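The values are calculated or read from the model by the stated rules, or taken from the named source; none is laboratory data. All values derive from a computational prediction rather than experimental measurement. Counting neighbours? That spans all protein chains shown, and the Cβs are built from the backbone with ideal geometry, glycine included.
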Amino acid sequence: MYNLVKRTAEIELLPMAQSLGLAVIPYSPTGGGLLTGKYGPDKRPPSGRLVDWTMYAARYRDPDNFAIAGRFVELATELGHSPVTLAVAWVASHPAVTSVLAGARDADQLAPSLAAIELVLDDATRARIAALSPEPPPATDRIEELNRA
């Protein structure tokens with residue numbers, strides 16, 4: 001799993017894969033729909049994965065995630081992209097990512113994910129998106145490495 005609100009893969013998995021030349025195909029680039037524009041700090045649809053599925057509701061229930069989603073949608077609008085397209089493109093733009101698993105109920109939902117193929121993010125845009133959510137902390141047994149001079 002890898003998306004703007006679930007960035008744990010950045011701690012060790014993505015760097016390791018990149019270092020070893022391993023393919024990485026993350027899933028859930030839109031956070032179960034959280035980053036599609038349907039959700040926000042004060043915005044919940046009557047149905048959807050985060051509403052109807054206990055697992056997704058528990059995984060993304062933190063109010064901070066909904067705040068991140070709201071800021072992400074604002075940035076997507078500013079940049080002139082569908083939030084889905086931008087979410088998939090951001091995940092795909094990580095140097096360790098080979099491809100992205102994106103799900104959809106129908107062709108209309110799939111189209112914005114496929115549009116991410118054409119969206120190339122420069123480093124500055126990638127950084128703007130990443131800045132919307134907290135950078136994941138290092139693995140607990142690696143904290144000492146951060147404090148070395």
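Just wondering, is there one or more residues in the stretch 123-141 that are surrounded by 14 or more Cβ atoms within 10 Å (Cβ to Cβ), of a type in the set (S, T, N, Q), under 13 Å from the mean Cα position of the chain (by Cα) and part of a helix (DSSP H, G or I)? Looking for residues that are surrounded by 14 or more Cβ atoms within 10 Å (Cβ to Cβ), of a type in the set (S, T, N, Q), under 13 Å from the mean Cα position of the chain (by Cα) and part of a helix (DSSP H, G or I), one finds none in the stretch 123-141, hence no.
Evaluated against (1) at pLDDT 95 or above; (2) in a loop (DSSP other than H, G, I, E, B), residue 47 falls short on exactly one condition, (1). Across the stretch 42-61, the qualifying residues are those that are within 17 Å of the chain's Cα centre (by Cα) and in contact (Cβ under 8 Å) with a residue 12 or more places away in the chain, and the one among them that is surrounded by the most Cβ atoms within 10 Å (Cβ to Cβ) is 50. Of the set (1) buried (at least 20 other Cβ atoms within 10 Å of the Cβ); (2) modelled with pLDDT of 95 or more; (3) within 22 Å of residue 138 (Cβ to Cβ), all apply to residue 83 but (3). Could you grab me the full set of residues in the stretch 91-114 that are closer than 23 Å to residue 131 by Cβ and more than 14 Å from the chain's Cα centre (by Cα)? Matches in the stretch 91-114: 95, 96, 112.
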